[in-house]
Amino acid sequence: MQAVSMGFQVIGASSLLSGSVVLYLSVGGMLLFVLTFSLGAGPVPSLLLSEILPARIREKAMAVCMAVHWVINFLVGLLFLRLLEQLGPQILYAAFGTFCFVAVVFVRKNIVETKGKTLQEIEMAFLPAD
């Protein structure tokens with residue numbers, strides 16, 4: 001849904017539409033993005049990392065991973081307006097939408113279901129098969 005909301009932003013930024021439709025697509029796309037992010041991908045790093053990291057390195061690895069997560073968030077916030085001016089809204093929102101889509105494909109392919117499993121079972125699922 002995040003990629004779809006970025007698609008709304010791209011359509012809203014295009015010159016194909018005009019008037020209030022552009023406003024509704026832009027505001028609606030951004031609100032949809034914030035809603036879907038907070039319900040979906042937003043809390044995932046802190047929840048998933050605590051389940052997939054091995055117990056012996058969990059504390060240190062989570063600290064490093066979350067630090068990287070927040071540094072990247074900071075950089076996106078810091079560079080967003082510059083990128084918007086340099087690339088334009090269509091290209092920037094299309095890039096964000098592409099990253100959202102790639103993230104969905106990556107998660108579907110590489111992340112195992114952890115519901116109802118113990119931490120030991122989850123750790124065994126990530127060990128390479130001999």
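May I ask you to list the residues in region 93-109 that are closer than 20 Å to residue 9 by Cβ and either without any contact (Cβ under 8 Å) to a residue 12 or more places away in the chain or not polar (S, T, N, Q) (or both)? Answer for region 93-109, where residues must be closer than 20 Å to residue 9 by Cβ and either without any contact (Cβ under 8 Å) to a residue 12 or more places away in the chain or not polar (S, T, N, Q) (or both): 93, 94, 95, 96, 97, 99, 100, 101, 102, 103, 104.
Please go through region 2-32 and pick out each residue that is over 17 Å from residue 92 (Cα atoms) and not in a helix (DSSP H, G or I). Answer for region 2-32, where residues must be over 17 Å from residue 92 (Cα atoms) and not in a helix (DSSP H, G or I): 16, 17, 18, 19. Of all residues in region 1-51, those satisfying the criterion of being aliphatic (A, V, I, L, M) and touching a Phe, Trp or Tyr at 6+ places or on another chain (Cβ under 6 Å) are 3, 6, 10, 25.
Of everything in region 18-32 that's of a type in the set (Ser, Thr, Tyr) and modelled with pLDDT of 85 or more, which residue is surrounded by the fewest Cβ atoms within 10 Å (Cβ to Cβ)?
Taking the candidates together, the pick is 24.
Consider region 1-17 and keep the residues that are at pLDDT below 85 and among the small types (Gly, Ala, Ser). The one that is farthest from residue 107 (Cα to Cα) is 15.
The values are calculated or read from the model by the stated rules, or taken from the named source; none is laboratory data. Here the structure is a predicted model, which is why all the values come from computation and not from measurement. Positions of Cβ are backbone-derived with ideal geometry, glycine not excepted, and every protein chain shown enters the neighbour counts.
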